[in-house]
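Everything below concerns the one structure shown next.
The values are calculated or read from the model by the stated rules, or taken from the named source; none is laboratory data. Nothing here was measured: the structure is a model prediction, and the numbers come from that model. Positions of Cβ are backbone-derived with ideal geometry, glycine not excepted, and every protein chain shown enters the neighbour counts.
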Amino acid sequence: MQKRQFLKHIGTAAALTPFLPFVSRAQDFEADMPYPINDDDAFWSRIRKDYALKPEYINLENGYYNFVPTPILIKYLEHVKNVNYEGSYYMRTVQWDNKKAAAKRLAEMVGCTSEELIITRNTTESLDMVIGGYPWKEGDEALFALQDYGSMRDHFHQMSERYGIVCSEVSIPNHPKNDEEIVALYESHITPKTKLLMVCHMVNITGQILPIRKICDMAHSYGVEVMVDGAHCIGHIQVNIASLNCDYYGSSLHKWLSVPLGSGMLYVAKNKIGKIWPLMADYVNDADKIQRLNHTGTHPVHTDLTIHDAIDYLEMIGLERKENRLRFIQRYWSDQLRNVENVVINTPLDETRSCGIANVGLTNMKPADLATTLFDEFGIWTVAIDYANVKGCRITPNVYTTIKELDTFVTAMKTLAART
């Protein structure tokens, strides 16, 4: 969507602002304020005005939830009002068609067919639907990493208790020599009984981007299916699911795409749909139709509608431009700290192996203490990570983050690194 069209698209909704005290905190937001096209610094300064930011701290923890910029928030609240206005009429007539339309647009964005994608509530629901619905037999093996997200790892272990499957875990190095090292690591744990391999597209605690296509090709050569955790990828980096050659792919849209909370997606390859048992039974029971996996009961349908608005906003920015910006601001702070005494960067140096997320720790301070001190002394909000081979704080700026804020963070880290 062109910038002028986008501004026109949100213009009428701006009239809602006086009725929304929490939106009005975005004091500099004006619906008709243009987005500079050719001046990069001015463009990102304008983008910052779209966010209502708390002045009490610098938010470097956008990975959990990328809160919604004001233009999308205004549209979201408009959808809430309209759905509430129409009530059961909306729910009994057009809600499913609208959800399918949002799923179709999302499928076009991520490079798969609309017959292979459904809208869920988050990555955990998406991937746990596959884990819990997989046709396990006693003795089957599942392969995943210590650095994978806890909810999915827990669900695999629950399947072990329920069906007697075997869980095999690898540990991903923070600084691999090359793609082949990662591929070989997973390959070394595959046995004739391995059925499903779970792998992160972007490791949530370090930001490391893994060679998904190579892992999928290797696994398929052994007859092993691959489920990809792409929680942090959609709206963050360019993703084409078809080119990845995976069997399943889940993501959270309330992260880097900035859809309101409670929005995710699941891709299931067409020839795999029939083998997964639904989490909840649906009236669609055709084994070839992905809708059989998409029964969610009565839920906040206005969130589904806002997927369109979030994609509009992303297209206004440009995904390539956003990816480049996120990678730039991550490297801006991490490169300054890589050779500082007592500082440990837990994210690869190769810039193609990460984007906006990175992890940093101190040899002289525990991660929990580091996160607490950054907030209490320097007004910087982060999250501590302390398991597997990752000990530090995950740092996730967003497109509104300024260089001045990153300089504050770098200074804080250097100060803490020098303490004895």
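If only residues of segment 379-391 that are over 20 Å from the mean Cα position of the chain (by Cα) and touching a residue at least 24 places away in the same chain (Cβ under 8 Å) are counted, the one that is nearest to H236 (Cα to Cα) is I380.
Note on segment 338-378: residues that are in a helix (DSSP H, G or I), surrounded by fewer than 22 Cβ atoms within 10 Å (Cβ to Cβ) and in contact (Cβ under 8 Å) with a residue 24 or more places away in the chain amount to 7.
Across segment 79-93, not a single residue is classified as among the hydrophobic types (A, V, I, L, M, F, W, C), under 18 Å from D282 (Cβ atoms), without any contact (Cβ under 8 Å) to a residue 12 or more places away in the chain and exposed (fewer than 15 other Cβ atoms within 10 Å of the Cβ). Might you let me know whether segment 259-269 holds any residue that is within 20 Å of the chain's Cα centre (by Cα), surrounded by fewer than 19 Cβ atoms within 10 Å (Cβ to Cβ), without any contact (Cβ under 8 Å) to a residue 60 or more places away in the chain and in the same structural domain as P135 (by TED's automatic domain parsing)? The answer is no; no qualifying residue exists.
Within segment 33-67, if we keep just the residues that are hydrophobic (A, V, I, L, M, F, W, C) and part of a loop (DSSP other than H, G, I, E, B), the residue that is farthest from L261 (Cα to Cα) turns out to be I37.
Could you please find all residues in segment 124-166 being in contact with a Cys (Cβ under 9 Å, 6 or more places away or on another chain) and among the small types (G, A, S)? It would help to see each step written out before you state the result.
Applying the first criterion (in contact with a Cys (Cβ under 9 Å, 6 or more places away or on another chain)) to segment 124-166 yields 141-145, 147-149, 153, 156-157, 159-160.
The answer is A142, A145, S160.
Put simply, of S258, S243, S251 the only residue that is under 19 Å from Y400 (Cα atoms) and either assigned to a loop (DSSP other than H, G, I, E, B) or among the small types (G, A, S) (or both) is S258. Taking the conditions (1) over 20 Å from N38 (Cβ atoms); (2) outside the structural domain of V130 (by TED's automatic domain parsing) in turn, V301 satisfies each one other than (2).
Does G223 count as part of a loop (DSSP other than H, G, I, E, B) and free of Cβ contacts under 8 Å to residues at least 12 places away in the same chain?
Working: part of a loop (DSSP other than H, G, I, E, B): yes; free of Cβ contacts under 8 Å to residues at least 12 places away in the same chain: yes.
So G223 fits the description; yes.
The condition (being among the β-branched types (V, I, T) and under 26 Å from Y65 (Cα atoms)) is satisfied by just one residue among I215, I182, I234, I190: I234. Candidates are the residues of segment 394-420 that are farther than 23 Å from V68 by Cα and free of Cβ contacts under 8 Å to residues at least 60 places away in the same chain; the one that is surrounded by the fewest Cβ atoms within 10 Å (Cβ to Cβ) is T420. Checking every residue in segment 125-145 against the condition of being under 17 Å from V268 (Cβ atoms), surrounded by fewer than 20 Cβ atoms within 10 Å (Cβ to Cβ) and of a type in the set (S, T, Y) gives zero matches. Residues in segment 356-396 that are within 18 Å of T415 (Cα to Cα) and aromatic (F, W, Y): F375, F378, W381.
Just one of (1) over 27 Å from I205 (Cβ atoms); (2) modelled with pLDDT of 95 or more; (3) of a type in the set (A, V, I, L, M, F, W, C); (4) out of contact with any helix residue (DSSP H, G or I) (no Cβ under 6 Å at 6 or more places or on another chain) fails for A281. It is (2). Can you tell me which residue within segment 286-311, out of those that are crowded, with 19+ Cβ neighbours inside 10 Å and of a type in the set (D, E), is nearest to L266 (Cα to Cα)? Filtering first and then ranking leaves D304. Restricted to segment 21-64, and to residues there that are farther than 24 Å from T408 by Cα and aliphatic (A, V, I, L, M), the residue that is modelled with the highest pLDDT is M33.
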